[in-house]
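Here's the structure, in structure tokens; my notes come after.
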Amino acid sequence: MARSSDRQPRPPYDPAIDSVLVQLGHGPDRYEVEKVRTVSSCRTKPLTAALMADKSVRIDDETIPGPRGKDMTVSIVRPRIESNVKRLRPGIFYIHGGALISCNRFAGLDTSAVWARDLDAITISVEYGLAPENSGEQLASDCYAALLWAEDNLVRLGVDPGRFVLYGTSAGGGLAAATALMVRDKGGTTPSRPSNTPTDPSTTLP
């Protein structure tokens, strides 16, 4: 069973911060990771079911290679109604929240139906590994690998490379920022208007 850890954080706290934490005493009791995941699952299941039942969108899953020899799954949500004119749509690479320890690629993805309807956009959501089974760097590496895969397949998926954004909610926002830094340092095409805050992409997509 996955549990929270009392091991030294990576990176360690700055000594100045550590001294303040000692003065504050004990914080709130830690929940077992599995309990957090159970609660999160109960909250997201109805939204996921509603998305699956939404006739205005089509959801496809693809299995892609992960960075550590383990395959990952991405879900692609697109408008169901296809126009007679073949054209590329705006795209959103979505990284879900969940405190890095819970939820899955469908958490918060119900918004993709709104993006499909109002923005005619295609959403790509990645199932990255969770902590504590995976380290923070591994979580970011999963997202980076999935982003590179998406970049290589944008046209096939129907996404306009010039209108492709990186977006994450809550903890996914932090992973979006880390992924953008990996694009900067390791290579890749930076999405046209990267977003690492839980804001509405409709304010950034043309």
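The values are calculated or read from the model by the stated rules, or taken from the named source; none is laboratory data. Just so it is clear, the structure is predicted and the values come from calculations on it, not from any experiment. Every residue, glycine among them, receives a Cβ derived from its backbone with ideal geometry; neighbour counts consider all protein chains shown.
Assorted remarks:
- Residue within segment 61-79 that is of a type in the set (V, I, T), crowded, with 19+ Cβ neighbours inside 10 Å and out of contact with any Leu (no Cβ under 9 Å at 6 or more places or on another chain) present: yes
- Condition check for L148: within 28 Å of V36 (Cβ to Cβ) and at pLDDT 95 or above: no
- Top-ranked residue in segment 163-191 [being small (G, A, S) and out of contact with any strand residue (DSSP E or B) (no Cβ under 9 Å at 6 or more places or on another chain); ranked as surrounded by the fewest Cβ atoms within 10 Å (Cβ to Cβ)]: G187
Residues checked against (1) in contact with a helix residue (DSSP H, G or I) (Cβ under 9 Å, 6 or more places away or on another chain); (2) within 18 Å of L166 (Cα to Cα):
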residue	(1), (2)
V39	no, no
A49	no, no
P67	yes, no
I81	no, no
R89	yes, yes
I92	yes, yes
A113	yes, yes
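- Of all positions in segment 138-152, none carries a residue that is touching a Cys at 6+ places or on another chain (Cβ under 9 Å) and under 15 Å from D71 (Cα atoms).
- When V39, V57, V33, V85 are checked against the criterion of being at pLDDT below 95, out of contact with any Phe, Trp or Tyr (no Cβ under 8 Å at 6 or more places or on another chain), hydrophobic (A, V, I, L, M, F, W, C) and surrounded by 19 or more Cβ atoms within 10 Å (Cβ to Cβ), V33 stands alone in meeting it.
- Within segment 41-75, restricting attention to residues that are part of a helix (DSSP H, G or I) and of a type in the set (S, T, N, Q), the residue that is farthest from L139 (Cα to Cα) is T48.
- Scope segment 90-114; condition buried (at least 21 other Cβ atoms within 10 Å of the Cβ) and in contact with a strand residue (DSSP E or B) (Cβ under 6 Å, 6 or more places away or on another chain); matching residues: P90, G91, I92, F93, Y94, I95, R105, L109, S112
- Qualifying residue in segment 94-105 (condition: modelled with pLDDT of 90 or more and more than 26 Å from Q138 (Cα to Cα)): no
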